[in-house]
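What follows is calculated from the coordinates using simple rules that are stated; it is not laboratory data. Bear in mind the structure is a predicted one, so any value in this text is a computation, not a measurement. Neighbour counts run over all protein chains shown; Cβ positions are idealised from the backbone, glycine included.
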């Protein structure tokens, strides 16, 4: 997927093996950023993206190491190879950022997102929604006589596909967590 | 000494432990406890500025002329917001500054209290890092960490926001311990890449060093190593505005400054070289001109401590992340161990080609016996001051470019100018900071009258502390650079680029108890400059110059290095629509 040749395990601290970076191809990368869990750290990361005009497709953040006060931010972004490299380098120079990993380059990685969807309908549509949910392994977490709330976990495109199917069946609301991702293997 | 103390006392103790001798500041409600502690001691000198922007620029001048971090103390709300321009300036030019701001007490934060502002929010994008300290026990460690962050890696401004109740409360003081910080930038460059660069240097036929502020920031050793490397290899060297003085202007390999108003020979060498060695510069748009026509035939190496500088603008063949001094030391070691090779014959021819460009004499201008040409004023200033212990600041505009062209710098830390942000009003307060650090030196601020007026309130500071700063104002009654662009780009429609209500600068100086000198006749200029130099006190020198002089050479926006304008001829319509949107 990437035109870059980055050594496995390399981070933004390394500017080596970045070539060729000046291509026009738009790439989608999932970047994991380990940050010190202190006030304002998310604003620093988001401010970097807005201030320098980078894209954020999704962003998730939560504390992952309570004793070490570390949070993990998973960002899905798009850009040319040069912009992706800049994003990683710029993230790396934020003082509260401990480590930056480009899972797309260092991969393969596992990406998962959770979504809950409210589908409102009666009769056949309601039955069809339930049937499709079963096929997609979505769980019913709430039900009234004319609505369901489904919970679905998977790669973002699986959630997209499920949401597309639910739309004509009465999709009323959707909430998504954004992507969480980890590298495969050890 | 007990380690239990109030937050306010901790601030002063931490500054002492960091070796701070001077603080630039302005008091207000939210920092009164700290000012109380400053009152009770004599180790740290506090300089009362007249505006918080002036405090930050003064601290920048102090920092740039000493290599030590500059320290600022201001109050909450407007005190902090007034510091924002200075912080941004320091961020763009990588100047180590530590700003301490007062904040409303923690229990009032978020209540729109009097003089409350979200200081860490406002300053987050214009600092290298910032902190809001809510616990007195963490205050000392935070201040020490702030100094570590400001001065390590690529230097920059940091800010610590200290609520008033944290200043009053008692906590445990901790001593500096920089090794405990998680922030530890890499200093040594990758030896493989360094060896690749040395190999390229050995065979290069048209090499050029392109140096920047990173050499100065790296410290005196970096400048020494640079001189050794340049003199040993015989490669020509040019520098950005920020890097002037790292290699001496009198050095035989010196090409002069490059860039938009750089020297013809420097820009042509950049365009034609086959090996470009960037040391601590960042391919700023003032340097590169049109990106796709920038140095088209060269292999490019880039030494920078900030990985994000590499491949940001220009694609690099040999990237070396590290501190300039460390990397230069390794380059010299590797180059020497491989037998000190260069293609001397080719480099000699390269110098001959450069000498051809030098003969163009790109700084030539039409002299006058009636009016003082600004270039002439700077030539005379240079002639009469270059042998002195001299520091030069500038404001921003034409005068700044002329100063960079016509003044020669033999050593680092002697030249203070706002490069990245281009802050009018920088030079005067910066000169105050420089003079504080070097009380016996000759400190000159080369200014334009418009820039100078932006922070003229600092006359009060200069007068109060009897700082003999020399304000050398090239007065053309115009915003000269704006006027030049309007002439070249906007059909000579001089929209709001002059002031019809300039003060009498001599009377203005006298009103502050300083000396005013006005000179408008080229024949009187030398005497007037000597009078300025010899006067023991602040001087406001109103040098009335030619009003419509343009600054050349010039690479118009959107043009390449080899498309420079050398003089007044054929300037109309040179910047096309594509270039006009650039700044």
query: GNM on chain A, C-alpha springs below 10 Å: top fluctuator among A:129, A:115, A:62?
result: A:62
message: What are the extents of the Cα atoms of chain A along their three principal axes, in Å, largest first?
response: 60, 39, 35
field: Overall Cα dimensions of region A:27-107, principal axis frame, Å, largest first
entry: 37, 28, 20
query: Using alpha-carbon positions, what is the distance between the centroids of region B:499-560 and region B:338-379, in Å?
result: 27
- request: Could you rank the peptides B:40-46, B:212-218, B:519-525 by their average count of other C-beta atoms within 10 Å per residue, with the highest value first?
  value: B:212-218, B:519-525, B:40-46
- line: Final fewest-first order of A:171, B:197, A:183 on the 10 Å Cβ neighbour count is A:183, A:171, B:197
- prompt: For chain A, modelled as a GNM with alpha-carbon contacts under 10 angstrom, which of A:109, A:147, A:96 fluctuates the most?
  reply: A:147
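Arranged from highest to lowest average of other beta-carbon atoms within 10 Å per residue, in what order do the peptides B:548-561, B:54-67, B:438-451 appear?
Values: B:548-561: 20.9, B:54-67: 29.5, B:438-451: 23.6.
Descending mean neighbour count gives B:54-67, B:438-451, B:548-561.
Shielding of A:88-98 by partners, i.e. mean partner chain Cβ atoms within 10 Å per residue? Show your work: numbers first, answer last.
Values: counts 2, 8, 4, 1, 3, 10, 2, 15, 3, 2, 2.
Counting other chains' Cβ atoms within 10 Å and averaging over A:88-98 gives 5.
Can you give the average number of partner chain beta-carbon atoms within 10 Å of each beta-carbon in peptide B:123-130, as a whole number?
On the way: counts 0, 6, 7, 0, 1, 3, 5, 3.
That works out to 3 on average.
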task: Compare the peptides B:280-287, B:304-311 by average per-residue count of other Cβ atoms within 10 angstrom and give them in order, highest first.
output: B:304-311, B:280-287
message: I'd like the antiparallel share, as a percent to the nearest 5, of DSSP beta bridges with both residues in region B:374-551.
response: 5
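How large is Rg/Rh for region B:191-358, to two decimals, with Cα atoms and a Kirkwood Rh?
On the way: Rg = 14.1 Å, Rh = 15.4 Å.
Taking Rh as the inverse mean 1/r over Cα pairs, Rg/Rh reads 0.92.
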task: Can you tell me the alpha carbon radius of gyration of chain B divided by the globular rule-of-thumb value 2.2 N^0.38 Å?
output: 0.98
- prompt: Roughly what % antiparallel, to the nearest 5, for the DSSP beta bridges in chain B?
  reply: 5
- line: Relative contact order as a percentage, region A:27-107, C-alpha pairs under 8 Å and 6+ apart, gives 47
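Would you tell me the mean number of C-beta atoms belonging to other protein chains that fall within 10 Å of each C-beta in B:253-262, as a whole number?
0
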message: Report the rotationally averaged projected area of region A:74-140 based on its alpha-carbon convex hull, in square nanometres.
response: 7.5
field: Cα-only Debye scattering, region B:4-180: base-10 log of I(q)/I(0) at q = 0.16 Å⁻¹
entry: -0.84
- prompt: Most mobile of A:101, A:66, A:29 per a Gaussian network model of chain A (Cα springs, under 10 Å)?
  reply: A:66
message: Can you give me the C-alpha center-to-center distance between region B:387-431 and region B:111-136, rounded to a whole angstrom?
response: 31
task: Express in whole angstrom the spacing between the alpha-carbon centres of region A:28-48 and region A:142-183.
output: 26
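Out of all DSSP beta bridges in the protein assembly as shown, what portion is antiparallel? Express it as a percent rounded to 5.
On the way: 49 of 115 bridges.
About 45 percent, rounded to the nearest 5.
Given N residues in the protein assembly as shown, what is Rg(Cα) / (2.2 N^0.38 Å)?
1.06
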message: Using Cα-Cα distances under 8 Å and only pairs 6 or more residues apart, what relative contact order does chain B have, in percent?
response: 14
